[in-house]
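Asker: This is the structure, below, for whatever I ask next.
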Amino acid sequence: MSLVKSISGIRGTIGGRVGDGLSGIDIVRFTAAYAAWRRQTMPESKKIVMGRDARISGEMVEHLVVGTLMSMGFDVVNIGLATTPTTEMAVIGEKAAGGLILTASHNPKQWNALKLLNEKGEFLSDKEGKEVLRIAEKDEYVFADVDSLGKAVVKDYLPYHIDNVIKLPLVHTEAIRCCGFKVVIDCINSVGAVALPPLLKSLGVEQTIVLNGTPDGRFAHNPEPLPQHLEGISQAVRENKADVGFVVDPDVDRLAIVCENGEMFGEEYTLVSVADYVLSHTPGNTVSNLSSSRALRDVTRLHGGEYSASAVGEVNVTTLMKQTGAVIGGEGNGGVIYPAIHYGRDALVGIALFLSLLAERKCRVSELRQSYPDYSISKNRIDLEPKMDVDALLVKIKNIYNGRTEVEKITDIDGVKIDFTDGWVHLRKSNTEPIIRVYSEAKDERRANELANEVIEEIWK
């Protein structure tokens, strides 16, 4: 059983002892701490939005969270089964003090989490998150008296979200409709099944084939949208002679794309292609995190913009996007952040912009992929042992590679990233799992694996 407290929220496996798994008491404690923090920092507002994915534990966690917020004196706008970006949009729409999203994103079904939002519908900063954790640790929250309890209302914010996507100037529904696209979607038995069919219909897609479309949280395969988990949709795209396949994670903030021949477009290239489209109409800067492909940098420079890399974590990406005035950004895991609508990863926006790009270019998805700089990313992990000193290991690696002729740059704002002349390796401790992530990239898979293995071998020496 696990409980992970980080910039990404409070995440854990359901059950177990208090402080071990994500128990009912833990859910109440951290929700109360968040409410106490909001009361201190924004006392004029008493409204908080809550949405959740379709996990098996979702209904149980929802009841605990809604009741706790009410007991802290907050009115709750419960938008029920909703994507993460829909919940973020609802905070904006309601002019609320903040929001909670009940989702463990790509983690397996036994996990759930509390993701915390500020009044802008954006994730808390590291400093704000640490203050919530401190309040929880010290039990520094006071429940409301009987005359000051909050109330709860239920609203559906999906139409609002879709309407705002459709209204984006770069989303061309008529062009999409004229193309007559046939689309396959894998909704992984979560809220994608609620959100994607009406989105595609609003975009003008009349032929949609839905896989894993029952939102019951019983994931049909590993919920992380990686190639090894997506054989089903690859086959369905080929058999149905579809133009494209879209895959989302359980809370629909990540988007993977499948070509018409059943091959993976590449999750890194979701952001690259959407950025290419946006930059071709609105030139400007871009941002992704240190673990994302160099392809975004290359495409940005082709359009005359500047590319910047942030530490891993959505809030770090959005902070740097604001600082650099980026017109598009995100993360290489298929997370598209388009400030024209809101500062959050949004698969609905990604689908709308990608289909608009496809309609404009009038080419096959595989042909579009071939038009971009070709890189291969290798994603590895090192499972942490209890006595491992991760910080010391990262310092060791930095010292080993510092000054080598084949090394262009070493960055240590988030773990250690080594930029070689022909690729890079990024090592960092995960925010959500007890592992060190080892990502590497080069022009081909063989070289990317070589770079990763070389660094991993140094760790174990």
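The values are calculated or read from the model by the stated rules, or taken from the named source; none is laboratory data. Being a predicted model, the structure only gives us computed values, none of them experimental. Neighbour counts are summed over all protein chains in view; Cβ atoms, including those assigned to glycine, are modelled from backbone coordinates with ideal geometry.
Asker: Determine, yes or no, whether GLY266 is at pLDDT below 95 and not acidic (Asp, Glu).
Answerer: Spelling it out, GLY266 is indeed at pLDDT below 95 and not acidic (Asp, Glu).
Asker: Of the residues GLY15, GLY9, GLY19, only one is modelled with pLDDT under 95, surrounded by 24 or more Cβ atoms within 10 Å (Cβ to Cβ) and at positive phi; which? Spell out the reasoning first.
Answerer: Values: GLY15 fails: surrounded by 24 or more Cβ atoms within 10 Å (Cβ to Cβ); GLY19 fails: surrounded by 24 or more Cβ atoms within 10 Å (Cβ to Cβ).
Every option except GLY9 fails the conditions.
Asker: Just to be sure, is ASN222 out of contact with any Lys or Arg (no Cβ under 8 Å at 6 or more places or on another chain) and of a type in the set (S, T, N, Q)? So that I can check it myself, show each step before the final result.
Answerer: Numbers: out of contact with any Lys or Arg (no Cβ under 8 Å at 6 or more places or on another chain): yes; of a type in the set (S, T, N, Q): yes.
Spelling it out, ASN222 is indeed out of contact with any Lys or Arg (no Cβ under 8 Å at 6 or more places or on another chain) and of a type in the set (S, T, N, Q).
Asker: Tell me, please, whether a residue that is farther than 17 Å from GLY335 by Cβ and part of a helix (DSSP H, G or I) can be found in region 238-251.
Answerer: Our first condition is that a residue be farther than 17 Å from GLY335 by Cβ; within region 238-251, this holds for 238-245.
Subset that is part of a helix (DSSP H, G or I): 238-239.
Within region 238-251, one or more residues are farther than 17 Å from GLY335 by Cβ and part of a helix (DSSP H, G or I).
Asker: Identify the single condition in (1) touching a Phe, Trp or Tyr at 6+ places or on another chain (Cβ under 7 Å); (2) in a loop (DSSP other than H, G, I, E, B) that ILE48 does not satisfy, given that it satisfies every other one.
Answerer: Only one criterion in (1) touching a Phe, Trp or Tyr at 6+ places or on another chain (Cβ under 7 Å); (2) in a loop (DSSP other than H, G, I, E, B) is unmet by ILE48, namely (2).
Asker: Related question: Filter region 63-80 down to residues that are surrounded by 20 or more Cβ atoms within 10 Å (Cβ to Cβ) and closer than 13 Å to VAL146 by Cα, then give me how many there are.
Answerer: Qualifying residue count for the region: 2.
Asker: Considering ILE351, ILE382, ILE341, which residue is β-branched (Val, Ile, Thr), in the same structural domain as GLY423 (by TED's automatic domain parsing) and either out of contact with any Ser or Thr (no Cβ under 8 Å at 6 or more places or on another chain) or surrounded by fewer than 24 Cβ atoms within 10 Å (Cβ to Cβ) (or both)? Show your work before the answer.
Answerer: Working: ILE351 fails: in the same structural domain as GLY423 (by TED's automatic domain parsing); ILE341 fails: in the same structural domain as GLY423 (by TED's automatic domain parsing).
Of ILE351, ILE382, ILE341, the one residue that is β-branched (Val, Ile, Thr), in the same structural domain as GLY423 (by TED's automatic domain parsing) and either out of contact with any Ser or Thr (no Cβ under 8 Å at 6 or more places or on another chain) or surrounded by fewer than 24 Cβ atoms within 10 Å (Cβ to Cβ) (or both) is ILE382.
Asker: Can I ask one more? Tell me which helices (runs of 4 or more DSSP H) are completely within region 72-178 and hold 2 or more residues being under 24 Å from the mean Cα position of the chain (by Cα) and closer than 26 Å to SER2 by Cβ, or say none if there are none.
Answerer: Numbers: elements: 84-94, 126-138, 158-166.
Passing ranges, in order: 84-94, 126-138.
Asker: Right, here's the next one. Kindly indicate whether any position in region 351-367 is touching a residue at least 40 places away in the same chain (Cβ under 8 Å), within 14 Å of the chain's Cα centre (by Cα) and within 23 Å of LEU226 (Cβ to Cβ).
Answerer: For region 351-367, residues touching a residue at least 40 places away in the same chain (Cβ under 8 Å), within 14 Å of the chain's Cα centre (by Cα) and within 23 Å of LEU226 (Cβ to Cβ): absent.
Asker: Next question. When you check GLN235 against the structure, is it of a type in the set (S, T, N, Q), part of a helix (DSSP H, G or I) and in contact with a Gly (Cβ under 8 Å, 6 or more places away or on another chain), yes or no?
Answerer: Working: of a type in the set (S, T, N, Q): yes; part of a helix (DSSP H, G or I): yes; in contact with a Gly (Cβ under 8 Å, 6 or more places away or on another chain): yes.
Judged against the criteria, GLN235 is a match.
Asker: Anything in region 387-419 that is among the acidic types (Asp, Glu) and at pLDDT 90 or above? List them, or say none. Give the steps one after another, and end with the answer.
Answerer: Narrowing region 387-419 to residues among the acidic types (Asp, Glu): 389, 391, 406, 408, 412, 414, 419.
Correct list: GLU406, GLU408, ASP412, ASP414, ASP419.
Asker: Do you know which residues across region 155-200 are surrounded by fewer than 17 Cβ atoms within 10 Å (Cβ to Cβ), hydrophobic (A, V, I, L, M, F, W, C) and touching a strand residue (DSSP E or B) at 6+ places or on another chain (Cβ under 9 Å)?
Answerer: none
Asker: Could you please find all residues in region 221-268 being free of Cβ contacts under 8 Å to residues at least 24 places away in the same chain and closer than 22 Å to LEU358 by Cα?
Answerer: Step one: of region 221-268, the residues free of Cβ contacts under 8 Å to residues at least 24 places away in the same chain are 228-229, 231, 239.
Selection gives GLU239 alone.
Asker: Here is a further query. If only one of VAL395, VAL317, VAL349, VAL312 is part of a helix (DSSP H, G or I), β-branched (Val, Ile, Thr) and farther than 29 Å from LEU203 by Cα, which one is it? Full working, then the answer.
Answerer: On the way: VAL317 fails: farther than 29 Å from LEU203 by Cα; VAL349 fails: farther than 29 Å from LEU203 by Cα; VAL312 fails: part of a helix (DSSP H, G or I).
When all the criteria are applied, what remains is VAL395.
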